[in-house]
Every structure is written in C-alpha cells, then in structure tokens.
Amino acid sequence: MKPRLECPELKVYRYMNARMELEGKEKQHYSFLEKGLEGELKFDSLLERLEGEYLILKDILLDYQGNLFQIDTLIISKNTIHMFEVKNYEGDYYVDADKWFSTSGTEIKNPLSQLKRTESLFRRYLQFFRSPLKLECYLVFVNPEFTLLQAPLNEPIILPTQLNRFLRNLEFPRAPLTNTPINLAKKILADHIIDSPFKRLPTYEYEQLEKGILCSGCRSLRTHVKKGKLNCEVCGTLEAIELAIVRSVEEIRFLFPERKITTNLVYEWCKVIESRKTIRRVLNEIYTKKGKSKYSYYVLKD
Ligand SMILES: [Zn+2]
C-alpha cells in the first residue's frame, strides 16, 4: 500500500556525492543512508515470495503523543501485524550486557533498544484506537556478511542465516482481508508524516557543485551530447536530451528551491548543451513562462 521512496535526505546526498567531494562525517553518513536503503530493498525483494493475503506498508513515520517513530516495514494480515526493523550491517559484532560492539571494539547504538522503543510507541498507538490485531516485532539483519557473536537468546532477532527459514514459516490466511486490517492500514497511511523532521540536510552552495548533466543510469557526470542524446561515458546509457534537461531542471528545483529557473541558469547547470535554444525549447514545452524578455523565468505548469 505504500512503496519505499528515496528519502529527500538521500536524494540530496546522491546529488552532492556526484557533484562534489564528500568528506569525513558526510561521506560516512551518505554511505550509511545508501546501505540502509539497500538493506530495506533487499528485504522487500524477499517479501515478494510471501503467499496469502496481506498488506505491506514501508517507511512509515508516525507520531504518538509527540514521540516520533519510524517503521521500516509493516505487514498487516487478518489477525496479525508484523513489524520489521531492517539492518544492513556488515562484519562481526558482539553483544556484551546491553551493549553492542563491532569487533574492533567500537560501541554502536543498540538496535534492539531502538526496536523496543518503536514497538512500545506503536503498541500504544494501536491501543489508542483499540486495534484487535496482534503485534509481532522483529529486528532483521539482511546482510549475509553479518555475524552477531554472543547474540542474546529469546530476543526477536532474525540473523541472515535464519531469514529464509523465518520467511518460509510466515503464513498468512488466503481468504480475502476483512475490513479490520484494511481500515487499520488506511488509518496508518493517513497518520503517516510525509515531511520528516529527522532529516539532517547537509549544507551546500550552488558554486560548490560541479556542473554538468548526471547520467540517469549511474549518476556519473561524465556525460556528453551526441546526436540529440546524452551519452554516458561510464555506463553507456543513452537518453533523449529533452528528458535529460527536464531531469536537470528538477534537480535544480530540488536543490535550490529559492532559485528562479531561467534559460541561463539551466544552460550553466547543464554545461554540456551547446545551444541555449534547445534549453529554451524544452523549458517552453514543459513549464510555464513568467515575466518578460530577459527577466523571464519558468514555473511548473498548473
Ligand atoms: Zn552512466
């Protein structure tokens, strides 16, 4: 019912990573976001094999009395809600008392505590409108290169080696869903907070970012125009130049919402397009022109 989208934070980082040198903490945070999404998508693909009747909601952000909590994946079936916190950790980790460490000795945030916090808030959220469905919560590690030494027993942890078996054993009734689970899913969707206050957007300036058109396939800046197409020198993707321009305009609008879209701005940003005429033609086609002559700019069509 709700797909997983690239979050705005990751989107900014992807653009930045393509157009400038990320350093230190930013680079780390970016790869953390990419890894997180990769893990979630991997889990999504495993869920495609499930049979029976159920609803899947992904990336849900809810508020219970001022406490925000995020849910990676929810499966709502006739009598049960399965909630999953998905981790894509790689390498060896161990648990000592309530603390989690990588084998190099660095302590990491205890993901089990994170799961318990989310579970407790979600449980209260469900109780608030008396949902009769049973809630089961799991912490899932999807990366086959992950090992957890001294893993605590009797905790809802699914390790990579257990994942397939766990999913095989998940059984959902085949009868069509009743109104109870459907209405619950609708309620959750209605309560889902779209604009996440969590996002820690990095700072960047227009001047800092290298100009050019990103390849639609691999996000490389090593592209050039040949015979009306954008050619990627890295992965070979070809794209109609019109589409590449529209993508670039959307990128500018996303990164610099306060800037007016003018032919000159798009020309400078795209860099690899020789004629302003091509850009003007595309802008005139896709957007609405405002203002006169050299002060004109473009906005989205109504
Ligand atoms: Zn490419």
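The values are calculated or read from the model by the stated rules, or taken from the named source; none is laboratory data. These figures come from a predicted structure and were not determined experimentally. Note that we place each Cβ from the backbone using ideal geometry, even for glycine, and neighbour counts take in every protein chain shown. Please note that ligands, DNA and RNA were not included when accessible areas were found on the heavy atoms of the full protein model with its side chains. Shrake-Rupley method; radii C 1.70, N 1.55, O 1.52, S 1.80 Å.
Could you go through region 169-182 and let me know if any residue there is modelled with pLDDT of 95 or more and in contact with a Cys (Cβ under 6 Å, 6 or more places away or on another chain). The answer is no; no qualifying residue exists.
For first residues located in region 261-278 and among the polar types (S, T, N, Q), partners that are open to solvent by 90 Å² or more (accessible area, probe 1.4 Å) and lie 6+ apart or on another chain with Cβ distances below 7 Å form the pairs Thr263/Arg276; Thr263/Arg280. When Asp59 is tested against (1) out of contact with any strand residue (DSSP E or B) (no Cβ under 9 Å at 6 or more places or on another chain); (2) at positive phi, exactly one condition is not met: (1). Within region 104-130, the set of residues being touching a strand residue (DSSP E or B) at 6+ places or on another chain (Cβ under 8 Å) and in contact (Cβ under 8 Å) with a residue 40 or more places away in the chain comprises Leu112, Leu115, Arg117, Thr118, Leu121, Phe122, Arg124, Tyr125, Leu126, Phe128.
Could you please find all residues in region 229-260 being in contact with a Phe, Trp or Tyr (Cβ under 8 Å, 6 or more places away or on another chain) and either under 21 Å from Gly217 (Cα atoms) or without any contact (Cβ under 8 Å) to a residue 40 or more places away in the chain (or both)? Across region 229-260, the qualifying residues are Ser248, Val249, Glu251, Ile252, Phe254, Leu255, Lys260.
Scanning region 170-221 for residues that are under 26 Å from Glu239 (Cα atoms), hydroxyl-bearing (Ser, Thr, Tyr) and within 22 Å of the chain's Cα centre (by Cα) yields Ser216, Ser220.
Please tell me if Glu239 is of a type outside the set (Val, Ile, Thr) and either within 29 Å of the chain's Cα centre (by Cα) or closer than 30 Å to Asn67 by Cβ (or both). So Glu239 fits the description; yes. Just the residues that are open to solvent by 40 Å² or more (accessible area, probe 1.4 Å) and either out of contact with any Gly (no Cβ under 7 Å at 6 or more places or on another chain) or over 24 Å from Phe122 (Cα atoms) (or both), please, taken from region 167-184. Within region 167-184, Arg168, Asn169, Arg174, Ala175, Pro176, Thr178, Asn179, Thr180, Ile182, Asn183 qualify. Scanning region 48-63 for residues that are closer than 20 Å to Pro181 by Cβ and part of a strand (DSSP E or B) yields Leu55, Ile56, Leu57, Lys58, Asp59, Ile60, Leu62.
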